[in-house]
Every structure is written in C-alpha cells, then in structure tokens.
1. Say each of D98 and A75 gets a label point 7 Å from the Cα, pointing the same way as Cα to Cβ; how far apart are those two points in nm?
2. Which of the three applies to the stretch 80-181, rounded, prolate or oblate, going by the alpha-carbon gyration tensor with a ≥ b ≥ c and a/c under 1.5 meaning rounded?
3. Sequence gap at least 6, Cα distance under 8 Å: using those rules, report the relative contact order of the stretch 121-211 to the nearest whole percent.
4. Test of understanding: extend the Cα→C-beta vector of M1 to 7 Å, then name every residue of the stretch 34-72 with backbone N under 19 Å from that spot.
5. With r as the distance between the Cβ atoms of E147 and L222 and R0 = 45 Å, compute the FRET efficiency 1/(1 + (r/R0)^6) and round to 0.05.
6. Does a label point 7 Å from the Cα of Q416, set along Cα-to-beta-carbon, have any residues of the stretch 376-398 with amide nitrogen under 15 Å, and which are they?
7. Can you list the HN-Hα couplings for the stretch 79-92, worked out from phi with the Karplus curve (6.51, -1.76, 1.60; θ = phi - 60°), rounded to whole Hz and with x for Gly and Pro?
8. Mind ordering 22-28, 249-255 by average Cβ neighbours within 10 Å, highest first?
Amino acid sequence: MIPLQRHKQRRQQLAERVSGPILLLGNGTRARNLPMTPLPFRQDSTFLYFTGCERPHAAALLHDGRFTLYLPEPAPDDALWHGHTDDLQALCARYGADEAVPVARLEQDVQSLPLRVLAVPDEARNRWASQLVGHALQFGRDHGDPELADAVIALRRTKDADEIAEMRQAASITEKAFLATMRATQPGSHERGLWTLFEAVLRMHDGVPGYDTILTQSGEVLHNNDHSAPLQDGRLVLLDGGGELMRSGYGVDITRTWPVSGRFEGRQRAAYEAVLESQRVAIAACTVGREYRSVHDAACTVLAQFLVDEGLVRGERDGILERGTHALFFPHGVGHHLGLDVHDLENFGDRPAYPPGVPRPEPFGTRYLRLNLPLEAGWVVTVEPGFYVVPAILQDPELLALHGSALNTDAIDRWQGFGGIRIEDDVLVTETGPDVLTSVPKAADAILEIVGSGPTAEALLCGS
Ligand code: GLY
Ligand code: MN
Ligand code: MN
C-alpha cells in the first residue's frame, strides 16, 4: 500500500511544478445495460497516483495547499444493496484529504477559479471537464494543459521507493502464477485451463490481471487473447501476463515461453537461447544515460546474428541490421515504461517517451519503438525481445519488395508453424546498474524442470 504521506508528498511536488488550482478527475463507471450492472471499473492512474482514491466518480481539487476530495454521496439504499458505506468524514480520513464533500458541490466551488485540468480518455468525463473549465479539452497531443501533463509525466515516470516495493510485491504474486501455470502444462490439457489457472492464482493473492492475459500457442500473434486451443505436443506456450495489486494498482509485465511437452524440439531450443541472450544483453544495457533506442539495438544485434546463423536471412549481420531485415522476425520495440499502467503513461501519447519534436521512426519494426529517451535512475522499463515467424509479415508484398532478396524462403518454409518466443522482464534503472524486479525462471533447463511437474489445470480446478 502507498502511505498517505507519499500521496501528500506527490501533491506537494506537483504544486511546486505547476501553479494554480488543479482539478484531477477520477474515472466514472460505465453501465453495461443498467447502472447497477457496470462494466469492470478501474480508477484513472493519475488520479490514483495523487490521491490513492480508488472510488468511481471522484474528483480532487488541489488549491492553495489544500486537497479537497469530491465524492458521490452514499445513496439511502446503499446499505441494502452494498452493505455498510463509509460516510464522507471517514473517507476524508482514509484518503488524507483536508475535506471530503459531495461531488454535486464541485461546479459551484470551481466556478470562479482559473482551473487547470487534464483531458482524460473517458469521453463523458472529458465533456464534463470541458464544461467546468469553459473550453473544449481534447484528449491527445497536449492533453488539455501541456505544462500540467509534463509535470505529471515527470513525477510518475520516476518511481519512488513505495512504488518499487509495490511492484516487487506484484512481481512476487505473478511469479507464483507463472510457476503454477508452467507446472500444469501438459499435452492434452487446454490453453483455457492454463489461462484460468494463471488468473486464479493472481486473485488468490489479492491481485488482478493488469491487462488481458496473453496465453497462447500462437505466440506469433503478438497480443493474442484467444485461448481456445488444446495443448499440443511439439508446440510452445507463450504467456504474457502481469498481476496488479488490488489496492494500489501497481503491476508488472512478464513473458515466458516454454514447450508444452517439457522438451524443446528441432530448432526451438536454439531460438529460445537466442532470445534469452538478446534479452540478457539488452537488460545489461539498461544503465543511466543510455538511450533506450540502443537497448533495442543491442537486442537486435543478437537476434540478427541468430537469423544469419540459421540461414533464415542471406548476408552479413551488420547489413541485415542496417537494412532492418531482422525486424521481420522481431517486429516490435524492446519495451516501454511500466508502473500503474502496463504501458505506463502512454495515455499521454509519445510525450513521456520521445524527445519533444522527435517523431517515431517510420521503418517497420522501429515504428513500434515505444521509448526513445536516455534512461534515468528510477525509471522502470520492460525488456522484451522476441523471435516470431509471422506468415502475414513474411508474405507482405511491401516488406517483400524491400527485404525479399535477403530472405531465404527455403529455410523460412521449414520454420512455418513455429509460432513465437518472447521473454520479458521489468527493470529498474539505478545509478549502480539494472535491477531486475521480476524473477520467474527463464534459463532453459530450469524451465524444463518445472513444466509438467504438477497436476493439470483441469485436475486442480475441476477435479478431473
Ligand atoms: N503485455 C503487453 C506488452 O508486453 O507490451
Ligand atoms: Mn510489455
Ligand atoms: Mn507483456
């Protein structure tokens, strides 16, 4: 849990950077068909960061050193439907506010204030905020108030000790979930069972998935949320999952890949070792002042050599790297910021991740590079190289026109149906070097010992 004192310190730091009254908006619930059956609710991360308040339809006014929390008033029949509800006084104490008042009072309170407010992704909340400030707020680019956006980014991007403790806790429960899932993997079992088991273990430890869990034997589909296939001997399971803590919202983002049968077959082990080595060199490169782009390049260098060694591409490693042919097998960026959101701060577009005025690169591969700044102490970033055999990429006419002559189609044919391997960990950048927050086993032999060593998910969860 993040202590109240830390939230207070963050609000003070924000006030030091930005003058004037600041209105922070929490998320509202959205009805599925009726308000009483809402879609799953998650608080806005910036709101959570400065207030610790996880309740829907809240707002906070930071003005003259005071923190006023605006909350919906309990309804008369709340006790009937939801049990005891704390009154505003109790909620004021819980969140360390100077005052907690009904949200209905907000419009009148801010009427004559030169309010500063950030646009939010929720359009309904945005329309309301626009009315309050008297001009249209547009989500995207400057997010309503570029100076305020930059102050929030600067604070949230550098993690404090309490945040790191929360992320280590999220890493610990996620490791339990990974180990359970690896142990339960056996041919004849089912992706759906592993996916359910993974999320069940998170929930058993007061966690929830911080994003839609990717569990698939078709890892070449990068964000594959389909879990409908039986587990087959010879295939690889890719699990990209991260628990976030129910109370604080901090989470992790981890990927492991392992063989269904507990044995690597054919060239699977060689590919696995290449991805692992590319991740090792990329993690080692996560030092203060190092351009994150060069962390990406470090991973690419190892993967390009693998492509040459396997005969998947023709030519020398450095020529392959220069022309970007390796990106056909590693099409995404090596990672991103992590914190209260899995792609932390990306609701601010590229502002937290690219220098002002520097657009994303256009070439295939680097266009998905989500971070392109020198690393700073206190940042947490993911490092997640991969190797994928993606038919849609290897048959793409535009890419073939550029890279076709460097591709060895006979060799590629032999790799069809391979799927994908990704290995992902979360790294705290420190003055003394990279500190890896996540420690799910990843050495090939260590993984093979674990896979299949326990009952299946079906046996554990259904007794069959
Ligand atoms: N879990 C999504 C990602 O790794 O970016
Ligand atoms: Mn990631
Ligand atoms: Mn991931």
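1. 3.3
2. On the way: a/c = 2.08, a/b = 1.33, b/c = 1.57.
It is oblate, given that a/c is not under 1.5 and a/b is not larger than b/c.
3. On the way: 41 pairs, mean separation 16.4, N = 91.
Computed over the stretch 121-211, the figure is 18 percent.
4. Residues 43, 48-56 fall inside that zone.
5. On the way: r = 35 Å, r/R0 = 0.78.
For R0 = 45 Å, the calculated efficiency reads 0.80.
6. Counting only backbone N, you get 389-396.
7. Those phi angles translate into 4, 5, 8, 10, x, 4, 10, 5, 7, 4, 5, 5, 5, 4 Hz.
8. Values: 22-28: 23.4, 249-255: 28.0.
So the peptides 22-28, 249-255, ranked by packing, come out 249-255, 22-28.
Just so you know, all these numbers are worked out from the coordinates, no wet-lab data involved. Here the structure is a predicted model, which means the values were calculated and not measured. Positions of Cβ are backbone-derived with ideal geometry, glycine not excepted, and every protein chain shown enters the neighbour counts.
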